[in-house]
Amino acid sequence: MPGLYLKFREQVIREVVLTQGVVTIGRQPDNLIQIDNPAVSGHHARVYWKDGQYVLEDLESFNGTYLNNSRIEAAVLADRDVIAIGKHTVLFSEQGSDEPAKHRSVDRSISWQRQLDEARLPQLDRTMFLDTQKAKRMLAQAGAVVAGGTVTTGIDPASASASSASSTTAGQRIIGSLTILEGKTDRQHYLLPSKLSAIGRSKLATIRLKKWFAPRLAASIQLRENQYFIVAAGKTSKIIINGNEMVVGQQELKPGDVVEVAGIKARFDYAMR
Amino acid sequence: MAFAIQVAARTDVGCVRTNNEDNFGYDIRHGIFVVCDGMGGHSAGEIASRIAVRSLLRFFAEGGPEDSGFLPSERTHEDSADATPLNKAMQFANRAIREAASQDVERSGMGSTIACAQVDGNLVSIGHVGDSRVYLIRERAIQPLTQDHSLVTQSRGEISQTEAKALKLQNIVTRALGPEEVVEPDVDSIIAVSGDVFVLATDGLTKVLRDEEILSTVTSVENLTAACDSLIDRANHMGTDDNVTCLLIRLVEQPWRQSFARRLQFWRTTNARALS
């Protein structure tokens, strides 16, 4: 069986049997071949099966992926090729290694084709729908391929199917909320999960102003990388935060901030979901 | 600030298929724009995408966002994002497809992707389900506004485009209108500036043209219809094996006097029609 052999100081420390799946190499624990070294990027490179050959592809790593001493972006692997990543080397062998591994652990990349066969999907050239259950299962399997069987680092089916409205990075995701204290709006309380929630009379606005002659768009609350900002809609819109008039076009919102704009007064808070 | 809306749209069967399962439609008066890519055998795909386009336009033309007659009376979530008009309209389209599918066994399981936009002045809502996309071209740069609901995208980069092509995983969508009772559309808003171009496209276009190619094609000609035509031609030239559809919207600032004159003109023609 063809395989990849991770070596450090001339010793094989890990072995992966190649099938028609994907093997990722990198510093993060969700890689099938994990190299815990600062010189190695989180997701550094990967090896996969394509058109009857194994392909090595650099994943825009910082320090580069070297094949037989030359830096590559992508290359087809030949027997006994040596891949260098940081201070580690990975040997590609079509037959398998004759070298003994000291602390050998054997893994297999799982074939996508096999997963597809299991899912019994007809007519693949056409756009087709995969029901939610099947999609979750396949995504979970895709996660398992990369995570080497550890479920925790695999793709969380719940978050994979969750709204992509904002970042799905690990850790707690912040969701802001707005409670109307004064003024006429369509609701009293708003959750703000979107990247942009508009305040105005427009029917597209999240916070819809019901007052006559209210501006169609007075301001917007924007979510950028777990931070909320209030952004003025134009030069004429006046925004007051905690009693102070905002002098620039935008300002970060902190929990407890009281915002006054276009005749409404509202309190911003974090609502964890 | 008043924006004039320019629009151009075209759909093409492509070089391989014999039928066109894509559909598009728009309603400038209500600021609604939509493209759909249907799926299902025995021409059910064509029917599903047509129902999706029509029911979306009908939702705004007849009921409008104020009328909740189409919708379940109580709101299931407290989530403000679910209450957007586009979200409601897509839920409505989902039910319309399901209803049609339940009446004919050959249409059972049919579905459609959707990419849509609602424009009100400089506020633009973008919605989608499946792998039809919306791009924004601003200041000679392109930016995707949607993230495909597809196996490839949702695997978070673990399956690359090349692998997906090789394994024919590209065409698998994980969300669509029709197949399931509950659908979760993505809707987001953006504040437009004068000159912004929104590109709504089905996967027949986006599978073969890279983002930069879409950008260069659209920005190379001033005329929107010409840009639309050359996008389709380019996709066909690349040998797309799918139907190709694109809809371009350009928002251009105009002085309030012109906007007023246009409205007056519109009011006059509609009244004249009503009288005759």
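No lab work stands behind these numbers, since they all come straight from the coordinates. Keep in mind that what you see is a predicted model, and the values were worked out from it rather than measured. A quick note on method: Cβ atoms are made from the backbone with ideal geometry, for glycine too, and the neighbour counts reach across all protein chains shown.
Tell me, what HN-Hα J-couplings in whole Hz come from the Karplus equation 6.51 cos²θ - 1.76 cosθ + 1.60 at θ = phi - 60° for each residue of region A:177-190, using x for Gly and Pro?
9, 10, 10, 7, 9, 9, x, 9, 9, 6, 9, 8, 9, 10
Report, ordered by chain and residue number, the lysines lying within cross-link reach of A:LYS265, taken as a straight Cα distance under 19 Å and ignoring same-chain residues fewer than 8 apart.
List returned: A:LYS184, A:LYS210, A:LYS211, A:LYS238, A:LYS254.
Within a 10 angstrom radius of the beta carbon, how do B:ARG133, B:ARG54, B:ARG107, A:ARG9 rank from fewest other beta carbons to most?
Ascending Cβ contact count within 10 Å gives the list A:ARG9, B:ARG54, B:ARG107, B:ARG133.
Hey, got a sec? Which GluC sites (Glu not before Pro) in region A:203-273 land in a DSSP loop and have at most 10 other Cβ atoms within 10 Å?
Those that pass, being in a loop and sparsely packed, are A:GLU225.
Exposure proxy check: B:CYS116, B:CYS228 ranked by fewest other beta carbons within 10 Å?
Ascending number of Cβ neighbours within 10 Å: B:CYS228, B:CYS116.
Read phi for every residue in region B:113-118 and hand back ³J(HN,Hα) as whole Hz from Karplus 6.51 cos²θ - 1.76 cosθ + 1.60, θ = phi - 60°, with x for Gly and Pro.
8, 8, 9, 9, 9, 10
In terms of modelled amide H atoms, which long-range or inter-chain residues lie less than 5 Å from the amide H of A:ALA262?
A:LYS238
Which one of B:VAL187, B:CYS228, B:VAL199 has its Cα pushed farthest toward the positive end of the charge dipole of region B:172-239, where Lys and Arg give +1 and Asp and Glu give -1 at the Cβ?
B:CYS228
Around B:ALA101, with a cut-off of 14 angstrom between Cβ atoms, what is the net charge of the other residues, counting Lys and Arg +1 and Asp and Glu -1?
That sum, taken over residues with Cβ under 14 Å, equals -2.
Show the residues, 5+ positions off or on another chain, whose built amide H is closer than 5 Å to the amide H of B:ASP186.
Those lying under 5 Å, H to H, from B:ASP186 are B:HIS128.
Any lysines with Cα under 27 Å of the A:LYS134 Cα? List them, leaving off those in the same chain fewer than 8 positions away.
Filter leaves A:LYS50, B:LYS88, B:LYS165, B:LYS168, B:LYS207.
In whole Hz, with x marking every Gly and Pro, tabulate ³J(HN,Hα) for region A:234-245 from phi via Karplus 6.51 cos²θ - 1.76 cosθ + 1.60, θ = phi - 60°.
Each residue of region A:234-245 in turn: x, 5, 8, 6, 9, 10, 10, 10, 6, x, 10, 6 Hz.
What's the exposure ranking of A:THR236, B:THR225, B:THR202, going from fewest to most Cβ atoms within 10 Å?
Fewest to most other Cβ atoms nearby, the residues stand as A:THR236, B:THR225, B:THR202.
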